[in-house]
1. Taking a ≥ b ≥ c as the square roots of the eigenvalues of the Cα gyration tensor of the stretch 24-66, is the shape rounded (a/c under 1.5), prolate (a/b larger than b/c) or oblate?
2. Calculate, for the stretch 24-66, the solvent-accessible area per residue in square angstrom, rolling a 1.4 angstrom probe over the heavy atoms of the protein chains.
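The values are calculated or read from the model by the stated rules, or taken from the named source; none is laboratory data. Being a predicted model, the structure only gives us computed values, none of them experimental. Ligands, DNA and RNA are stripped out before the accessible areas are found, and what is left, the full protein with its side chains, is counted by its heavy atoms. Shrake-Rupley method; radii C 1.70, N 1.55, O 1.52, S 1.80 Å.
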Amino acid sequence: MSVWLPSAPCTPGACLERAGSVTAVPRAVLRFLVVTAVLLAGIVLLPVGRLIPAGAVRWWCRAVVRVSGVRVRLSGAATPTGGVLLVANH
């Protein structure tokens, strides 16, 4: 099998569970509300954006990513000094 298949070999009947968790919908609604609240807090603070310290902006950006459900996983060797830019197309 090639890794460049035009379609996935999984089908909804074979790879996905049909029964969802009882807490899935309430968690999704709660996550949506928290993301909305964090984004609205940032929008409210836009007029005074230049007065906000960089550390607070960094904390807010991390909060948006965290409440959105994104988890960072590091693997491999340590990055070289000087910084690295990683871009994914999907």
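1. Here the stretch 24-66 falls in the oblate category.
2. On a per-residue basis, the stretch 24-66 sits at 85 Å².
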